[in-house]
Each structure stands twice: as structure tokens, then as C-alpha cells.
Amino acid sequence: MRTSLGGMAAGVIGALTWAIAYGITGGQALLILMGLHVALGVGMAAILGVLGRSSWLPSFAGTLMLSLVAPLVIGLGVSIVGTTDALSLLAVSAVVGLVFAGLAAFLNARRWAVGLQVALALVACAIVLTSIRDVESHPAFDLVRYEPAHDAPFSRVAVIGVDGGDWSVIDVMIDAGELPNFESLVDRGAHGVLRSIDPMYSPVVWTTIFSGLTPDQHGIRDWYGATATNRRVPLLWEAVGASHSPATVLNVPGSWPPREFEGAIVAGFPMPRLVVSETELAGQFLGRLVSARERKSDVPSLIARVGTQSVPLGREQILARSEVQHPLLEAGILRRRFLGAVHSFPLTLGGTLDSPGALSIEAGDETFSLSRGEWSPWLDVELGGQSAFIRMNRLDSGDLYITPPFQTPSAPRFQLLGGAVDAHEIAPDDRYIVEGVGWKAATDPEIRRPLVEHLEQTSDLQYRAAKALATRPFSLFGFVFTLPDRVSHGFWTDATTRPELVDPSGVDVPANWKSDFVRDAYRRVDRDLGELVDLLGPDTTVFVVSDHGFTTDHEHNRGMHRAEGIFIAAGPGIDGDSQRLDLSVYDIAPTVLAGLGLPVAENMAHGARLDLFEDELAPSRIATYGEFHDAAADVGENSEERIDASTEEQLRALGYIE
């Protein structure tokens, strides 16, 4: 009994220590964490009893080692060698603790051995508690201000991204007269193929484009660490903002959470969502179906009934407030099984879904009618005190498709804005979406068109924000259109511009070309690009770039990334050339800096592309624009903050991770 009590007491101490450090916001996860450690303590007591050392003292000391030292050791080990799976972490953590318990038992529980264990456990406790830092604190980089050269070729620059932009689409559509604004920029500037890098993940490549550094240098290497907290270096807008005049940047992948700098930022994906799936299936980010009957779909569904029913929106996830995280939780043991309450909203149907006419619907405080193919207005919902909004579409079958909930920018749970920007400035109706529904929803044939319409709505909200900030004074303006990438992933095989359809006499256009969603996406981007360039003004030098191109994945019958992307530069200071050039994603940052009369850093992978400039240019050089160091970065090459459960689900729904 004393042995068990000793183990349980030490388990509770370990649990409380890690719970404080982890900064858990909900009671359920706290109890689970404590239960884990108490269970480990009882197991320790049982092992010591079998060894014939039934005493509370070695049990207490050994369990302290298991509760405090072992997770800390494993956490450091994972930082050095890379993340392993949950069962391996649990097994190794237990072995570390048991080694010390066995040592105490072997030494006949001599007091000095027990004291050694307790002392090491207390040291570990102190390390854990003194390492607590607020994850919402993302300090600015320590940048040196440089005065730009007075004869700089550019007075201000816009870097406009077209995520997934590919010449195989643009060339065909320019020839068909469908992309007048792309054509105008090509005709009056320079253009070429922009070669990407491996891995061709959007946050990795966009961070490279805006830094000129390799993934190993800037710290964003894959999807699992694709947040700005893992970035070790300042990006172009931070360097330019500090040295020139304020910069404005929106929707750049990998820029969440926003760091403070001289300017304004609207962060891009990936970022956490308000909820995760209420089941083990990671399908919530595909939206939800309310159906008249059972249907096979990757999108979660429930059977509708006339009258009022509760429609689940997802389960609240409990996030840490501290950068010190419990290895067992971080490994994924509790990532989906132990979360907060399931949030729902009331839906009242005034008839059956298969009724031929308009259907009367009451959702929350809104009452409206929907005919087949129509969208509802944006609908306000509440998720445990957190304001959010959704939208629903009545499908051709009469069933309802409901989007996931999105946070309102005026009262976000996850900070979206940084610097001098106000939520009502970018979203006067309090509607903004960082990332829409995952393109994997396209596997349901009936959702294909509503999915594209939703992605277009998302793009419209993002572009509206860009327009709102485009008239501000700036030295650098950055914005990324993500629509082509999202549509190309799910609908590339329907595209009439695919290279295999192009022959010397032109394009073999199938009869269903009006349903070519890829072509529609490029038309939409061309329309918005032309308007945005006009808003930015004739004194702005414009760079249009993509992080990669697209080609056909014949195995999965969808689009996939290829290294050949697009590059266009036009405006003051650019030497117009009809020849198609060959460039790298490493070329953009140093070329922009040189054009603004700022030094090019010697640690950048490439120098400035001087052949793009109208006049000869000899940019000055500096060693670096700065590097942010913190304790985590010094632990090891793979020390990074992993994405949370909701972001991981979102990336699975988007098809970026399996």
C-alpha cells in the first residue's frame, strides 16, 4: 500500500508540473494528464514490489524520475533526432524511468541512490517550470536599418504570388485571349520559368522566395513545422520595412502567427482551426452534408429530418499556452481522443430535402429559403463563446452542404493580424477566411461545383482585403493568390489546357470546356491581378511569381506539383525582354532588395539577377539581415514547434499530408 501511495503521489507531482508548463486550458485534459502519471506511478510501484523492494521511498523517487526527468529527456531527444511515434516515446520514457527505479532497488534502496533520483527530478522540475514562455509572444527580429541608395531602380515593389501558377495553362489562355492582364505584364516586362526546390511545399517555398535562403537556413522544412514560430530569419517585408518604409503583406503561406514588424500583415495558412473532427476521422475540414438518405462520401454526413435537429460543427481542441509541451501529448496519444466539447448549431427544415421547390430553413437566428444550387448568406454561429461563421449550399439532389466554421477576424481565437491593420479595414462585414475547404471534397461528384464556388468565395474575401490595403503607403507589397493551386489539385485532369491536349494546331477543347474549373480560376486571378496592379499605381514595379507549377498525377488522376513555375517582372527599372528566362526561387529576394537600393546579404543562396534591370547596377553587400535565436533553436536541428491537431487535419483534408 505504501509503495502504491508513493508512486501515486509522485505521479501527481509530475502531472502538476507538466500541466503548469503545458498551460492546458481545459480541465478534461488536465485530469487525463494527471491520470497518465498516476497510472505510471502505480506501474512503477508494482514493478518495485515484484523486485522485492516494497517501500514508498524508492517508489516515490523512481516515479518522480519517470514523471519529470524521462519526458524531459525524451523531449530533448526528439528535438535532436526528429519526432518519433507515440508508442516509441512512451516505451523509451518508461525505460528511462525504470532504469533509475531499478538502480534504486539494486542498491537496496540506499538513501544516496534515492536522493540522487529525487535531486535529478527536482532539477528537471526547475528546468520545466523556468522554461515556460508565452507562445503568443513572437518578438521582432533584431534588424539593422540601412538607408536605400538614392538612385535605386525601384521606388516601391509588389511581389504578387500565384500559388501553383504554370505556363502550360497561361500560355494557352493568353493565346486564346483569355488572360489580358497576364499578357500585358509579359509584353511590357521580363518573364521566365521560376524553378522551385524540394520539398515543393507551399510554406517552405514561399519562405524561400521571401528570404532568399535555403530551408535549412530559414527553418521551415516541411508541413509539420510550417509556422512562423519556427522561422529563424527575417523575411523580405521585415528587412524592407525596417530599412525603407512600412511594408504590407497578406496571405503568404507560412506567415502565421504574425510577427511584429514595421508594417501590416494578414497571416496566411497553415494556422489552427476552431474545431477538430468529433470522431477519429479527419474529415471535418471537408465540411458536412445533411442528407435525405445514407450516402457514401468522404464528407461527413447525417440524415436530415423535418423540424429542428442539432448539426455538429466539430470538437473544440485544447491548446497549450506554453512552448514547453508534454512529449506524450505532443506525440499524438491525445491529439484527437481527448478534446473539448462537441459544438453544434440548431437547424430547422421547413420540409423534406427532396422537395422540388425552395426549402425554408432556419439556422441560428437566420431564416431563409434555398433552391437547388443556391448558397445561403453567411451565418453566425457560436462555438462555446467563440464567434464564427458558416455557409450552406443546397445541392442538385436537394441535400445541404455546410462549410466548416471559420473564426471572425474581429474576435479571433488565433491571431490573424499583425502591425498597423484593423480587422474592420480588411473585413467590414467581419468575414475573412484564411483557408477554405480541402480540395479532397471533390471526390464527392455532387460537391465539385459547390466546392469550387466556395474556394472562389474564399479568394474573393482574401482579394478584398488586399484591395483595402493596396492604397496605403508602402515600399513592399506582398500578396498571394492561392486559388489556382487549390483548384488545380482537385480538377487538373478536367483542365483543357493540359500539355497532353495541346498540339501544333492549337488546343483540343473537349465539349465540357465551360466546366473547366482550372481555366475559370486563372480567369478570376487575371481579372483581380489587373485591378490590383492599377490600384498599386504606375510607379510600382510588379513581380508575379509562383512557388511551383502543376502537372498530371496519372496514378491518382489529379494534379501534382512540378518544379517549373512562373516569373514576370514589369514596371519601372525592369528591362523588357521577350525572351523566356530561367530563374530560381532563390533569385527573388536579392533582386527585390537590390532594386530598392538595399544591400544583398552574402548568406543568401543566390545574388540579384542584374540582367533584369534596365540600367547597370552594383548592389552593396552585407553579411546577413539578421537571425533570431532562442533556446529551442539551439537544442538541435530538428527542434521545432509542431502544428496542432486541427492544422494537421486541415492539411490532410487539403491532401498535403497523408
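In whole Hz and in residue order, list the ³J(HN,Hα) couplings for the stretch 415-430 that follow from phi through the Karplus curve 6.51 cos²θ - 1.76 cosθ + 1.60, θ = phi - 60°; x for Gly and Pro.
Going residue by residue, I get 4, 9, 10, x, x, 8, 8, 10, 4, 6, 6, 8, 8, x, 9, 6 Hz, with x marking Gly and Pro.
Please work out the C-alpha center-to-center distance from the stretch 542-583 to the stretch 152-172 and express it in whole Å.
8 Å
So how strong a dipole does the stretch 403-478 carry about its Cα centre when Lys and Arg Cβ are +1 and Asp and Glu Cβ are -1, to the nearest 20 debye?
In total the dipole reaches around 160 debye.
If you roll a 1.4 Å probe over the stretch 135-226 with all protein chains in place, what percent of the accessible area is carbon or sulfur?
The nonpolar share, carbon plus sulfur, comes to 48 percent.
If you count only protein heavy atoms with a 1.4 Å probe, what accessible area per residue comes out for the stretch 360-425, rounded to a whole Å²?
Value returned for the stretch 360-425: 38 Å² of accessible area per residue.
Work out from phi, with θ = phi - 60° and the Karplus expression 6.51 cos²θ - 1.76 cosθ + 1.60, the ³J(HN,Hα) of each residue of the stretch 375-387, listed in order in whole Hz, and give x for Gly and Pro.
9, 6, x, 5, 10, 7, 9, 10, 10, x, x, 9, 6
Name the residues whose placed amide hydrogens come within less than 5 Å of the amide hydrogen of Ser344, ignoring near sequence neighbours (fewer than 5 apart) on the same chain.
For Ser344, the qualifying residues are Leu313.
The values are calculated or read from the model by the stated rules, or taken from the named source; none is laboratory data. Just so it is clear, the structure is predicted and the values come from calculations on it, not from any experiment. Backbone-built Cβ (ideal geometry, glycine too); neighbour counts: all protein chains shown. Just the protein is used for accessible areas: all its heavy atoms, side chains included, with ligands, DNA and RNA removed. Shrake-Rupley method; radii C 1.70, N 1.55, O 1.52, S 1.80 Å.
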